[in-house]
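Each remark here refers to the structure printed beneath this line.
The values are calculated or read from the model by the stated rules, or taken from the named source; none is laboratory data. Predicted, not measured: the structure shown is a model, and the values here were computed from it. With ideal geometry, Cβ positions are generated from the backbone for all residues, glycine too; neighbour counts draw on all protein chains shown.
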Amino acid sequence: MAQLRIPLDSTRFSKGMTWKEYMGQMGDTQKRTEENYNKATLTEDEKKFFAGVKGVKYVLMLAENWCGDVHRNSPLIARVIESIPGAELRVFLRDQNLDITDCFLNNGFRSIPVVVFFDQDWNEIGRWIERAHPATAKAAVIRTKTLDQAPKDDKAKQDAAMNEFRSQVNAEYAVPGGPLWRAAVAEVRTLMETKLAKK
């Protein structure tokens with residue numbers, strides 16, 4: 001299958017939001033994301049690794065203010081990008097930039113957050129989408145015990161199940177030591193080690 005040409009260059013990239021600008025426009029969902037940003041610290045080993053990464057110039061993030069995975073994971077990824085010397089992050093809202101979004105589908109879905117790393121010539125280094133693999137596995141188990149149990153024709157029970165699902169997923173992210181965040185950082189680290197080692 002031919003690689004889609006990503007409709008992104010320095011001019012379009014510059015129109016994206018910085019992390020601070022993205023946080024500033026979030027409205028009633030800002031507090032949750034801000035709290036996660038304050039909690040999403042990297043370990044000394046992680047900081048040391050990303051401080052030594054060379055070759056990442058541009059980082060694209062696709063997000064939407066309402067998405068739980070964005071609230072939980074984009075702050076951590078922002079911390080990673082801040083640790084990479086010379087890396088510049090811009091955030092684009094998924095639904096206002098479908099021409100870019102559709103270059104980074106996740107098994108046909110417009111999953112978010114999407115984070116794509118580029119070198120100075122706009123060659124893609126790699127991408128990280130939605131959440132860490134262990135987080136996906138945990139969410140699937142929680143879904144079977146909550147959302148999948150709710151009757152499809154009962155909106156109140158569906159809403160209650162969704163609230164319980166979110167609560168249990170958030171609890172997994174709050175486990176001391178942040179194992180799901182550590183897993184996400186490890187996936188980005190592996191991506192860097194694999195792709196940048198070949199250059």
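Of all residues in the range 1-19, exactly one satisfies the criterion of being more than 20 Å from LEU98 (Cβ to Cβ), assigned to a helix (DSSP H, G or I) and modelled with pLDDT of 95 or more, namely TRP19. Considering (1) modelled with pLDDT of 95 or more; (2) in contact with a helix residue (DSSP H, G or I) (Cβ under 9 Å, 6 or more places away or on another chain), say which one LYS54 fails and leave the rest. That leaves (1) as the condition not met.
Taking the criterion of being without any contact (Cβ under 8 Å) to a residue 24 or more places away in the chain and closer than 14 Å to VAL59 by Cβ, the only residue of the range 116-126 that qualifies is ASN123. Filtered by the rule that a residue be surrounded by fewer than 16 Cβ atoms within 10 Å (Cβ to Cβ) and in contact (Cβ under 8 Å) with a residue 12 or more places away in the chain, the range 146-165 gives LEU147, GLN149, MET162.
In this structure, VAL169 does not qualify as of a type in the set (A, V, I, L, M, F, W, C) and farther than 15 Å from HIS71 by Cβ. Filtering the range 87-115 to residues that are touching a residue at least 40 places away in the same chain (Cβ under 8 Å), of a type in the set (A, V, I, L, M, F, W, C) and in a helix (DSSP H, G or I) leaves only ILE100. For the range 60-102, the set of residues classified as of a type in the set (S, T, N, Q) and more than 17 Å from ALA135 (Cβ to Cβ) consists of ASN65, SER83, GLN96, ASN97, THR101, listed by residue number.
Comparison of LYS54, LYS31 shows that the only residue that is charged (D, E, K, R), assigned to a loop (DSSP other than H, G, I, E, B) and either under 28 Å from VAL169 (Cα atoms) or in contact (Cβ under 8 Å) with a residue 12 or more places away in the chain (or both) is LYS54. Of all the criteria given as (1) crowded, with 17+ Cβ neighbours inside 10 Å; (2) touching a residue at least 24 places away in the same chain (Cβ under 8 Å); (3) not small (Gly, Ala, Ser); (4) not in a loop (DSSP other than H, G, I, E, B), the one not satisfied by LEU42 is (4).
Within the range 134-161, how many residues are closer than 18 Å to ASP69 by Cα and either touching a Gly at 6+ places or on another chain (Cβ under 8 Å) or part of a loop (DSSP other than H, G, I, E, B) (or both)? Selection size over the range 134-161: 1. Residues that are under 19 Å from the mean Cα position of the chain (by Cα) and surrounded by 15 or more Cβ atoms within 10 Å (Cβ to Cβ) within the range 167-178 comprise VAL169, GLU172, TYR173, GLY178, listed in sequence order.
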